[in-house]
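Reviewing the structure listed below.
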Amino acid sequence: MEKLIEIKNLSVRFEGVVALKDVNLTIYQGEKIGIVGPNGAGKSTLLMAIKGLIDFEGEIIYHGISAKEIGIVFQNPDIQLFLPTVFDDVAFGPLNQGLKREEVLSRVKKALSSTGLIGYEKRSPHHLSEGEKKKVSIATVFAMCPELYLLDEPLIGLDPASRLEIMKIICDIPKSVLIATHEIDLLPNLVDRVVVLNSGIVVADGGVDEILQDTNLLIKNKLYFEPGCREEKS
């Protein structure tokens, strides 16, 4: 596979606190990668650094693409959605890319179709369910036709039916995808490769089956807990 992005010795500090430390990672074209780790591991920070939204030390090398060709879906849809209607939000990216009206309309229609949102064009994003908001957030990125999708906790807070709908949308993405998630039990259905972060450091990187079958690794990095014994009440 051809390289899409090379990350070399990437470090990020916020007010002196280390969020990422000497991260080295190569992303290949067409890959779907799960980024997992406990709270505060640096998952969201890694996605924002790749997109170019925060300052960092080290090097990110883009092969054949630029940061503008990377789409990010934030964990909180209310950050992503800020316009009066679903149509306006989905059209915002293509309009800012300077595309002609016909192309914008075509992209919006395709993005809404891909996320099951045809008919939602005039609805207010802020009056939708959490699952519907997630779909609109993804549609806003679809409409920009990026080469790499960065998804920050796309399944968090969703009911089972909504999770399945979002998972299908993710599986159908024909480009490279990075998914930061706590939903490790769902990763075999979404990704081929898993990167484990802890305290800003990459502690493991391998095939999804290899990583998820390593119980000691998961326990050590607070991704799995063995059932404990309950104290009997007298």
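Every read-out reported here was derived from the displayed coordinates using simple, explicitly stated rules and does not represent laboratory data. Quantities reported herein were computed from a predicted structural model and do not represent experimental measurements. Because the Cβ atoms are built from the backbone with ideal geometry, glycine has one as well, and the counts that use them run over all protein chains shown.
Over the chain, what is the relative contact order in whole percent, taking alpha-carbon pairs under 8 Å and six or more residues apart?
On the way: 429 pairs, mean separation 62.3, N = 234.
Normalised by residue count, the contact order of the chain is 27 percent.
Quote the relative contact order of the range 30-169 in percent (integer), defining contacts as alpha-carbon pairs under 8 Å separated by 6+ residues. Walk me through the numbers on the way to the answer.
On the way: 160 pairs, mean separation 42.8, N = 140.
Dividing the mean separation by the residue count of the range 30-169 yields 31 percent.
When a/c is below 1.5 the answer is rounded, else prolate if a/b is larger than b/c, else oblate, so apply that to the range 88-211 with a ≥ b ≥ c taken from the square roots of the Cα gyration tensor eigenvalues.
Values: a/c = 2.37, a/b = 1.71, b/c = 1.39.
Taking the square roots of the gyration eigenvalues as a ≥ b ≥ c, the range 88-211 is prolate.
Could you sort out which of Lys43/Lys109; Lys109/Lys134; Lys109/Lys175; Lys134/Lys168; Lys8/Lys133; Lys110/Lys133 sit more than 24 Å apart by Cα distance in this structure? Display every interim value, and only then the final one.
Values: Lys43/Lys109 32 Å; Lys109/Lys134 17 Å; Lys109/Lys175 19 Å; Lys134/Lys168 13 Å; Lys8/Lys133 35 Å; Lys110/Lys133 17 Å.
Those over the limit are Lys43/Lys109; Lys8/Lys133.
Is the C-alpha gyration tensor of the chain telling us rounded, prolate or oblate? Criteria: a/c under 1.5 is rounded; beyond that, a/b larger than b/c is prolate, otherwise oblate.
Values: a/c = 1.92, a/b = 1.33, b/c = 1.44.
Oblate.
Under 5 Å between amide H atoms, partner at least 5 residues away or on a different chain: which partners does Gly30 have, H built in plane at 1.01 Å?
Distant-sequence amide H within range of Gly30: Ser176.
Can you tell me the FRET efficiency between Asp78 and Gln213 if r is taken as the Cβ-Cβ distance and R0 is 25 Å, rounded to the nearest 0.05?
Details: r = 37 Å, r/R0 = 1.48.
Once the sixth-power term is evaluated, E becomes 0.10.
Please identify every one of the chymotrypsin sites (Phe, Trp or Tyr not before Pro) in the range 46-141 that sits in a loop by DSSP and has no more than 13 other beta carbons within 10 Å of its own beta carbon.
Values: sites: Phe56, Tyr62, Phe74, Phe82, Phe87, Phe92, Tyr120; in loops: Phe56, Phe74, Phe82, Tyr120.
Filter output for the range 46-141: Phe82.
Just to compare against my own numbers: the Cα pair-distance distribution for the range 1-103, 10 Å bins, whole % per bin, please.
Going out from 0 Å in 10 Å bins, the range 1-103 shows 12, 38, 32, 17, 2 percent.
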